1. For the subset of the range 229-242 comprising residues that are out of contact with any helix residue (DSSP H, G or I) (no Cβ under 6 Å at 6 or more places or on another chain) and not in a helix (DSSP H, G or I), which member is surrounded by the fewest Cβ atoms within 10 Å (Cβ to Cβ)?
2. With the checklist (1) more than 18 Å from residue 322 (Cα to Cα); (2) in a helix (DSSP H, G or I); (3) touching a residue at least 24 places away in the same chain (Cβ under 8 Å) in hand, flag the one item residue 216 doesn't pass.
3. Do we have any residue at all in the range 156-163 that's under 30 Å from residue 233 (Cα atoms), free of Cβ contacts under 8 Å to residues at least 60 places away in the same chain and in contact with a strand residue (DSSP E or B) (Cβ under 7 Å, 6 or more places away or on another chain)?
4. Out of the range 289-312, which residues are surrounded by fewer than 19 Cβ atoms within 10 Å (Cβ to Cβ), part of a helix (DSSP H, G or I) and touching a residue at least 40 places away in the same chain (Cβ under 8 Å)?
5. Would you point out which residue out of 214, 261 is in contact with a helix residue (DSSP H, G or I) (Cβ under 9 Å, 6 or more places away or on another chain), at pLDDT below 95 and closer than 30 Å to residue 312 by Cα?
6. Within the range 138-146, is there a residue that is over 17 Å from residue 232 (Cα atoms), surrounded by fewer than 21 Cβ atoms within 10 Å (Cβ to Cβ), under 17 Å from the mean Cα position of the chain (by Cα) and at pLDDT 95 or above?
7. Quick one: would you say residue 269 is in contact with a helix residue (DSSP H, G or I) (Cβ under 6 Å, 6 or more places away or on another chain), touching a residue at least 40 places away in the same chain (Cβ under 8 Å) and under 15 Å from residue 191 (Cβ atoms)?
8. Scan the range 245-268 for residues that are surrounded by 22 or more Cβ atoms within 10 Å (Cβ to Cβ) and either assigned to a loop (DSSP other than H, G, I, E, B) or at positive phi (or both) and jot them down.
């Protein structure tokens, strides 16, 4: 399958193509705020656990909304590398990454703190403590009532940018060594954040995507109700004309390192072989700009899940690049 990246034949072709891709993806996000906001972060709870300290942190992401995140800190550490841990499609929100009543293999925030990283795990909109009083978990109707110019996917991107602002000001964190990891929806958000905020120095994305052309319908992106990430994708799937592809997003992250983990038998994401196609297309850009080893693809046969093998690959990736 052809890719817009096929037109990039030499390094001088890339800046114009990159600009066009950025514009296409930004349309999908909608109108994000132009100015950063003062997050006014506050620690409202602290608990010492074996080997780590867990804090509950609140901060503003807009003039009215103060959200919460779990922060894990290795004991007696300062100026550490840090990892933003983004949860999947779960009503539990940040508790998934914190290991609170969730799959232990998705407890990224606790896991990486035990390995010596400071970690942050925020709630995304419609999840955890951000479920609207007017709706249910994973229901974006309240968002679109208040934000008709910004898609839910765009709001998630903006909120994660705000989280990096908070992390960058923490004395325990080295702001020059920030990473991000996510599974499922968390992987989508991790890739978008890395594509549009170069403070992210390395990324791990697990079971986040297949090429749009390989998906049967728009339900993952724009169902009739529930978690509607990008309403305009309904029409895109009907016409089979997509504003961008995932190889484009991966190329935007270059030259920063990215590990893509996917399953050969993913029961949620159709066309798993298209992930390899996307990575291969984006690798041409990485190679062209001298970062051939910085984009890699790890596969497993564990279905739409984080496996032990995938987590070990992620551990090695962060150890290498962060």
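1. Restricting attention to the range 229-242, the residues satisfying the condition of being out of contact with any helix residue (DSSP H, G or I) (no Cβ under 6 Å at 6 or more places or on another chain) are 231-241.
Within this subset, residues satisfying the condition of being not in a helix (DSSP H, G or I) are 231-232, 240-241.
Numbers: 231: 16, 232: 14, 240: 8, 241: 10.
Ranking the candidates gives 240 first.
2. If we test residue 216 against (1) more than 18 Å from residue 322 (Cα to Cα); (2) in a helix (DSSP H, G or I); (3) touching a residue at least 24 places away in the same chain (Cβ under 8 Å), just (2) comes out false.
3. no
4. Residue satisfying the conditions is 308 alone.
5. Numbers: 261 fails: at pLDDT below 95.
Exactly one of 214, 261 is in contact with a helix residue (DSSP H, G or I) (Cβ under 9 Å, 6 or more places away or on another chain), at pLDDT below 95 and closer than 30 Å to residue 312 by Cα, namely 214.
6. The answer is yes, given that some residue of the range 138-146 is over 17 Å from residue 232 (Cα atoms), surrounded by fewer than 21 Cβ atoms within 10 Å (Cβ to Cβ), under 17 Å from the mean Cα position of the chain (by Cα) and at pLDDT 95 or above.
7. Details: in contact with a helix residue (DSSP H, G or I) (Cβ under 6 Å, 6 or more places away or on another chain): no; touching a residue at least 40 places away in the same chain (Cβ under 8 Å): yes; under 15 Å from residue 191 (Cβ atoms): yes.
So residue 269 does not fit the description; no.
8. Within the range 245-268, 245, 254, 257 meet the criteria.
The values are calculated or read from the model by the stated rules, or taken from the named source; none is laboratory data. As the structure is a prediction and not an experimental result, all values here were calculated from the model. Counting neighbours? That spans all protein chains shown, and the Cβs are built from the backbone with ideal geometry, glycine included.
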